Amino acid sequence: MEKYLEQTKQQGFCIVENIFPSFYVDMINKSIDNYLLESHDGIVYEKNTSIVRAIHGLHLFDPFFMELAKTNFLLDFAREYLSDDIYIHQYKINMKAAMDGQSWPWHQDYVYWKEGDYIESPRLINIAVALDDIPMLSGPLCFIPGSHRFGDLTKNNDLVAGDWSKDVSANLTYQIDKKVLTPLIENHGYEFVVCKAGDLIIFDPQLAHSSSNNLSPFERRLLLVNYNAVSNAPTKKSKRPAFLSSVDFSPLSNNPCKSKDDQHVMEVNEND
Ligand code: SIN
Ligand code: MN
C-alpha cells in the first residue's frame, strides 16, 4: 500500500496489478449487461447513436455496485490518501465500445467538481478498475506524470459551462488547450496505461489525462469510483443531477463481513 500511495503522491497515479480475479471481473461485466436491460438515469450515449458511452451513479440503483466500491483495498487506499473518512462523490463506467467508443480529450477532473458541484478543494481520488484488457489499440488512459501539481490548467481558457451532458461527452466542457499542453508534454512526457482486466488505475483528480477512440474490435470498459474526503463535502447544492454528484456525504464503512466478501480481491502484499 505504501508504495502505491507514494507513487500517487509523486507522479499523480499508480497501477496496482491483478487486484480482481477474472471470475469477479466477469461478474461485474454481467451485472453491467443486466443493468443495461432496464432504463436508468445516468446512461449516456455516443453522439447521435444508441451506443452507450457511459453509465453514471450505478451505486445508487444497485447494491452490487455499491459493495464493489467498499472493497477493503479501495477504501483503505482512499482513506489513507485523503487522510479522512470518505464518501463516493461519483461512480461511473466508461464503456468505450469496440470500434465505436469515442475519445476523452485532454482534461483534469477536479474543475468539473469545483465548478459544477461546489467542492472546495481537490482532496478527492479516482480508483478505476479495468474490466477488459486494455492494449494500445483500445484507447487506454494517457497521463502526464506530475501534472497534478500545477493546479487548474484550464483557468485561463474562455470556457462557458453548459448543460451537464456536455461534461460527459466527447466534446468536454473544460479541456486543456494546445498552448498549455505543449510545454507540459515537452517537460513531463506522457504515459499510456496499458493494463489487464482486474488491474486498478489510481489517479489524482488534478492529473492531466486523455484517451483516444477505441480502434480495436474489443470492448474497453473502465469502472471509475471517485471518493471525496468527508470534510471536503460541498456546502452548496450541485447544479448537476445526483448520479453525477452525490448528495449522500455519510462516511463509507467497511462491511463487517468484508473479509469474507474480499475473497474476490487478490491479496496485496503489504511490502509492495
Ligand atoms: C477514459 O475512460 O478513458 C476517460 C476517463 C476519465 O476521463 O476520467
Ligand atoms: Mn477524467
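The values are calculated or read from the model by the stated rules, or taken from the named source; none is laboratory data. Nothing here was measured: the structure is a model prediction, and the numbers come from that model. Quick reminder, even Gly has a Cβ in these numbers, built from the backbone with ideal geometry, and neighbours come from all protein chains shown.
What the table shows:
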item: Identity of the residue in region 116-132, assigned to a loop (DSSP other than H, G, I, E, B) and aliphatic (A, V, I, L, M), that ends up farthest from ligand 2 (Cβ to nearest atom); result: 131
item: First in region 25-52 and part of a loop (DSSP other than H, G, I, E, B), second anywhere and surrounded by 15 or more Cβ atoms within 10 Å (Cβ to Cβ) and of a type in the set (D, E, K, R), Cβ under 7 Å, 6 or more apart; result: 46/53
item: Filtered residue count, region 210-249, keeping only those that are in contact with a helix residue (DSSP H, G or I) (Cβ under 8 Å, 6 or more places away or on another chain), part of a loop (DSSP other than H, G, I, E, B) and under 22 Å from residue 81 (Cα atoms); result: 2
item: Cβ pairs under 9 Å, 6+ apart, first in region 94-112 and on the phi < 0 side of the Ramachandran plot, second away from ligand 2 (no atom under 15 Å from the Cβ) and of a type in the set (Phe, Trp, Tyr); result: 98/218
item: Test for residue 124: is it surrounded by 23 or more Cβ atoms within 10 Å (Cβ to Cβ), within 15 Å of ligand 1 (Cβ to nearest atom), touching a residue at least 40 places away in the same chain (Cβ under 8 Å) and not aromatic (Phe, Trp, Tyr); result: yes
item: Residues of region 1-28 that turn out to be crowded, with 17+ Cβ neighbours inside 10 Å, of a type outside the set (Val, Ile, Thr) and at negative phi, as a count; result: 6
item: Members of region 146-173 that are modelled with pLDDT of 80 or more and among the β-branched types (Val, Ile, Thr); result: 154, 173
item: Residues located in region 133-152, provided they are assigned to a loop (DSSP other than H, G, I, E, B) and under 13 Å from residue 176 (Cα atoms); result: 144, 150, 151, 152
item: Some residue of region 178-200 being in contact with a strand residue (DSSP E or B) (Cβ under 8 Å, 6 or more places away or on another chain), buried (at least 19 other Cβ atoms within 10 Å of the Cβ) and closer than 18 Å to residue 46 by Cβ; result: no
item: Qualifying position, being farther than 21 Å from residue 152 by Cα and at pLDDT below 95, among 238, 246; result: 246
item: Helices (runs of 4 or more DSSP H) within region 61-115 that include 3 or more residues more than 14 Å from ligand 2 (Cβ to nearest atom); result: 63-69, 72-82
item: Lone qualifier among 85, 62, 117 - being out of contact with any strand residue (DSSP E or B) (no Cβ under 7 Å at 6 or more places or on another chain), free of Cβ contacts under 8 Å to residues at least 40 places away in the same chain and either within 16 Å of ligand 1 (Cβ to nearest atom) or farther than 19 Å from residue 13 by Cβ (or both); result: 62
item: Residue that is nearest to the chain's Cα centre (by Cα) [pool: residues in region 138-163 that are surrounded by 20 or more Cβ atoms within 10 Å (Cβ to Cβ) and in contact (Cβ under 8 Å) with a residue 60 or more places away in the chain]; result: 141
item: Among residues of region 203-224, those that are aliphatic (A, V, I, L, M), surrounded by fewer than 22 Cβ atoms within 10 Å (Cβ to Cβ) and more than 9 Å from ligand 1 (Cβ to nearest atom), counted; result: 1
